[in-house]
Amino acid sequence: MYGLTPFGGNGFDLFNVFNDFDKRFFGDTLPINTCRTDIRDDGDKYVMASELPGFEKEDIALDINGSYLTITAEHNSSNDEKDDKGNYIRRERSYGSYKRSFDISDVNTEDIKAEYKNGILTVDLPKKKAKEPESRRLEIQ
C-alpha cells in the first residue's frame, strides 16, 4: 500500500520540494532564536544557566517584576567594507534578541546573584527560608 501512495515512497515528496531545497542549500538546521536554559536544585538555592553566545555582558538585562525574573538580551552588529571610492564591496548586518521570564515566587529576590562568562549566564536564586510553624499555648476562658 505504501508504494501506491502518490508523490511518496521513493524519497521524493512533491509537497516538500522547496523545503528539501532549503535543507540542501542552507543546511539541515537553520539558526533559531532560542536560548537553552538549565535549572538545577542545589538544596538551598536554584542555579539557572542560560546559553547566550554572541552577546556581551552589556547586552543582557535581568529584571524582576513582581514574582517574575525576565532575561532580555539584544545586540546589533554591522560589518561594512568599502573600496577606495567609498562603494560597498560587502555590507553585512545582524540583529539578535532574546527574552524569557521565569516564576521566582519561592526565591529570596534580595540575594540573587548573576555572572556572565564565556557565553553562559549563571544566576544563583536562593530559596526563601521555610517559616517555622509557630507554637504557643492558648489560654482557656
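Which residues, counting only those in the stretch 72-83, are part of a strand (DSSP E or B) and more than 20 Å from Pro53 (Cβ to Cβ)?
Passing the criteria: Asp80, Glu81, Lys82.
Give me the pairs, please: first residue somewhere in the stretch 110-126 and more than 19 Å from Glu74 (Cβ to Cβ) and without any contact (Cβ under 8 Å) to a residue 24 or more places away in the chain, second residue anywhere and hydroxyl-bearing (Ser, Thr, Tyr) and assigned to a strand (DSSP E or B), beta-carbon distance under 7 Å, and either six or more positions apart or on two chains.
Glu115/Thr122
How many residues are surrounded by fewer than 10 Cβ atoms within 10 Å (Cβ to Cβ) and either within 20 Å of Ile60 (Cβ to Cβ) or of a type in the set (Ser, Thr, Tyr) (or both) if we restrict to the stretch 106-118?
Residues that pass the stated criteria total 2.
Which condition number in (1) surrounded by 10 or more Cβ atoms within 10 Å (Cβ to Cβ); (2) touching a Ser or Thr at 6+ places or on another chain (Cβ under 8 Å) is the one that Glu92 fails?
Evaluating Glu92 over (1) surrounded by 10 or more Cβ atoms within 10 Å (Cβ to Cβ); (2) touching a Ser or Thr at 6+ places or on another chain (Cβ under 8 Å) leaves (1) as the failure.
Throughout, read-outs are computed from the coordinates displayed, never taken from laboratory work. Quick caveat, the model's predicted, so the values are computed rather than measured. Positions of Cβ are backbone-derived with ideal geometry, glycine not excepted, and every protein chain shown enters the neighbour counts.
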